[in-house]
Amino acid sequence: ARASYFEALLSYAYSSMRLALFAALIKFVHETDALVPNNQACVSEVARKLPYCNISMTTEARLDDLMSRMSLKDEIAQITPQGDLGGECTCFTRGVPEIGLPEWLWLVETNTNIASGCPQEGHCATTFVGPTGLGASFNRTSWKLKGTVFGNEMRALSNIRASRFQPDGKNPIGLTGFGPNLNIARDPRFGRNSELPGEDPFLTGMYGYQMVSGMQEKDPHGYPKMAAFLKHFTAYSTETNRGHDSYTISTYDFFDTYLPQYEMAFQAQPAGVMCSYNAENGHPSCANDWLLNKQLRSWKPDAMVTTDCGAVSNLKGPPVNARDDVHAAAFALMNGTDLEMGDHEFETLDKAIEQGLATEARLDEAVRRSFKVLFEVGRFDPPALTEWAKYGIDTLNSTLHQQISYEAALQSLVLLKNDCMSGVQGRCTLPLQRGSRVAVIGPQAISRSGLLSDYAADQQCFGGDDHCIGTIAEGIAAANAGGSTVSAQGVEVNSKKTDGIEEALNIAAGADVIVLALGNDKSIEHEGQDRIDTALPGLQLSFAKQVLALNRTTVLVLTNGGALAIDELIERPSAGPVRPGGPKPGYAIVDAFNPAVQGGRAIGASLFGLENRWGKLPITMYPHSYIKEQSMVNYDMSIAPGRTYRYYQGKPLFHFGFGLSLTQFSLSDCAYSAALPGHHMLACKLANVGLLEGDEVVQIYHVAQDIGQVDHPLPKRSLVDFERFRLPAGTSINITFRIPMDAFKVVNKDGARLLYPGKHRLVVSRGDIEDETSMDVVIPSIGVYFV
């Protein structure tokens with residue numbers, strides 16, 4: 001009732017221009033403590049009298065007034081972590097009590113959920129499957145909805161004065177969120193692959209664009225739900241020696257692989273970026289004028305740049321070797337960084353200015369950028385002026401948000417193998433029959449927190465444990481109505497312990513179907529730790545062979561961040577029938593990535609055919625030999641054996657874009673035609689010729705088939721569009737793609753995207769390279785025609 005009263009009163013004040021009434025409303029809202037979000041500005045009596053809190057003035061005029069009221073010391077405190085207020089990595093910046101300005105906590109992770117302490121049972125922040133699983137959905141709508149959930153819940157957490165880490169109020173959540181992480185999954189050994197949507201720049205860029213669009217949705221008054229910052233800008237994909245590492249990166253690779261996804265995401269105008277620890281060609285990202293000022297700010301001139309935690313301090317070591325804090329701080333500030341996180345070298349900026357190493361004008365610019373972000377999200381305006389003030393505790397993990405998360409989980413699973421009986425449609429390993437005797441075994445069968453990606457959250461469950469995370473075994477038991485489901489660990493993720501093997505094998509021997517859940521967890525790959533090996537760790541491979549030797553129908557479910565090399569498990573060892581005259585045991589493989597809170601339920605529903613929403617691989621699954629052929633610190637994408645599907649010259653175990661379904665689809669009648677100027681239309685017929693309703697992802701690739709000799713690498717193929725479709729069994733639809741001429745461009749050695757004359761090819765794929773449709777497009781010096 002109070003909210004409705006405020007809305008009515010506010011509407012009346014606006015429409016009638018009764019300024020006195022409007023002022024009274026603002027005063028009442030400010031004085032109503034329950035309506036004031038965390039660290040809201042312009043709340044105190046002192047602040048409300050000052051022009052920077054006057055909402056009738058322009059933002060620029062208000063910024064001018066605010067900046068004019070701060071001393072040099074005050075300004076520096078706005079962009080330097082204040083350790084006495086809280087953690088330096090979360091970056092508390094100090095307020096200015098004399099003008100009524102409160103402190104602010106900048107760093108809230110927003111990659112898989114809104115990192116927060118859970119304020120109430122049943123109302124923790126909604127946790128999604130790991131980003132690689134989101135990438136596997138190839139679903140723009142799902143990505144935008146994820147961003148929408150994040151925006152809703154960021155506002156809710158701020159409105160109810162929630163806190164990071166623990167629900168204790170010590171780390172108040174504001175409106176600045178750091179994520180999504182748009183680094184490329186360059187090497188399967190990278191410890192933070194679980195934070196990334198995939199290896200392709202177009203896929204990753206579209207993921208970033210859609211997610212930011214949802215996160216920063218604006219109300220009718222122009223207030224975004226939150227301010228999103230992209231991570232980690234750029235070319236960050238090695239943990240070993242991070243912060244002091246430098247990699248040789250060509251101009252070609254910058255503009256072909258390491259920059260385009262960020263440029264795409266900036267079409268949604270995020271607030272800025274967090275710069276990465278690494279250096280490119282001797283220039284650390286957080287002190288790289290070319291990267292931050294020449295590239296990033298060509299996309300958005302006022303983009304704000306924050307460091308990753310401790311990156312300024314790192315400048316005192318290789319490759320920069322700054323002589324002291326003063327030089328390190330000046331070097332970062334003058335080369336484009338606005339806000340330091342994780343340390344306090346920026347405290348010395350007054351000395352840097354005195355010594356002529358930095359300028360006060362550049363300091364002003366950095367502080368003004370940081371305040372502008374907060375003005376835009378409404379920190380300096382009455383909370384009731386934004387529609388987002390309505391979000392509260394019931395917004396967190398709401399029924400709608402849970403359903404969005406579950407839909408994402410269903411589409412995150414990739415069916416890599418599903419053995420079928422020859423000549424018998426529908427008689428395949430999957431779907432499993434409900435009412436079966438099922439044994440769910442393996443280290444990930446009963447794991448909970450082991451199903452999470454890196455940076456999954458502060459607390460997924462009320463109280464800080466993992467009781468709300470469904471296990472794979474629980475998800476399968478729920479789907480196996482009328483049957484029996486038993487589970488055992490067998491072996492641990494990464495140890496030599498054998499004491500659980502006998503029990504697990506005995507359980508498996510008595511089952512009709514075995515679900516073998518293997519993989520990695522954050523003990524193997526995480527921030528600060530790359531993998532040495534891409535094979536299954538510990539005793540998992542030998543255990544898997546013992547399980548397969550039981551001659552039971554087996555479904556191998558993998559959970560992982562970086563891709564696993566399962567060379568020896570792609571084909572099960574030769575097996576006879578379970579019983580004389582019976583069929584040979586079936587075999588299927590599913591990659592579930594990091595299935596998180598709802599993934600166990602999604603796996604159960606998918607294995608039993610209750611859902612048929614499978615995704616496609618957003619990464620390449622390399623053979624185990626790849627890690628011997630490719631140096632972890634080689635950042636050249638095309639040098640043999642090459643990296644990602646775009647340049648890899650070997651034979652992958654499973655290629656990017658691959659994925660099966662429990663039904664069958666066909667593409668036919670594909671045709672290309674000129675349409676609007678600068679665009680062409682591609683039309684096909686997509687049919688579900690199987691027995692089940694299901695989803696299919698259609699992918700469009702460009703190949704520079706014959707454009708003459710060039711002095712730079714060329715991708716084997718590049719993804720230029722995709723779409724997910726849902727079809728009932730026995731139906732078909734006509735699908736269309738609008739292909740811009742930019743899709744035919746390739747990057748040259750100078751980083752320019754050029755449209756080369758010659759023969760180009762568009763490939764229409766469902767992910768099976770043996771069943772694709774292609775059409776050649778000849779681009780003469782003037783005009784375009786199809787062959």
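The values are calculated or read from the model by the stated rules, or taken from the named source; none is laboratory data. Fair warning: this is a prediction, and the values are worked out from it, not measured in the lab. With ideal geometry, Cβ positions are generated from the backbone for all residues, glycine too; neighbour counts draw on all protein chains shown. Just so you know, the surface numbers come from the protein's heavy atoms only, side chains and all, with ligands and any DNA or RNA stripped out. Shrake-Rupley method; radii C 1.70, N 1.55, O 1.52, S 1.80 Å.
Details
- Pairs from the list LYS294/LYS745; LYS231/LYS294; LYS616/LYS749; LYS231/LYS372 with a Cα-Cα gap above 25 Å: LYS616/LYS749.
- Loop GluC sites (Glu not before Pro), the range 99-163, which have at most 14 other Cβ atoms in a 10 Å radius of their Cβ (DSSP): GLU121
- In the range 241-325, trypsin sites (Lys or Arg not before Pro) in a DSSP loop with at most 11 other beta-carbon atoms within 10 Å: ARG323
- Between the range 755-775 and the range 523-575, the Cα center-to-center distance that results, in Å: 33
- Estimated dipole of the chain in Debye, rounded to 20 [Cβ of Lys and Arg +1, of Asp and Glu -1, Cα centre]: 1780
- Accessible area per residue for the chain, computed on protein heavy atoms with a 1.4 Å probe, is 36 Å².
- The chain: Cys lacking any partner C-beta under 4.7 angstrom: CYS91
- Extent along the principal axes, Cα only, for the range 502-546: 42, 15, 15 Å, with the longest axis given first.
- The local environment of LEU686, defined by Cβ-Cβ distances under 12 Å, has a net charge of 0 under the rule Lys, Arg +1 and Asp, Glu -1.
- Rounded Å value of the spacing that divides the Cα centres of the range 379-445 and the range 707-746: 27
- Diffusion constant of the range 579-705 at 10 °C, which comes from Stokes-Einstein with the Kirkwood Cα-pair radius and 1.306 mPa s, µm²/s: 86
- Treating each Cα of the range 135-292 as an identical point scatterer and summing with the Debye formula, the log10 of I(q)/I(0) at q = 0.15, 0.20 Å⁻¹ comes to -0.84, -1.24.
- Over the chain: helical MRE at 222 nm, DSSP H runs n ≥ 4 each giving -39500 (n - 2.57), nearest 500: -7000 deg cm²/dmol
- Fraction of the pair-distance distribution of the range 373-475 above 17 Å, Cα-Cα pairs, percent: 75
- Whole-percent carbon and sulfur share, accessible surface of the chain, 1.4 Å: 51
- Look at where the Cα atoms of the range 237-297 and of the range 451-493 average out, and the two centres are 37 Å apart.
- Dimensionless Rg ratio for the chain, taking C-alpha atoms and the 2.2 N^0.38 Å reference: 0.99
- Förster radius 56 Å - calculated FRET efficiency between MET67 and GLN546, Cβ distance, rounded to 0.05: 0.20
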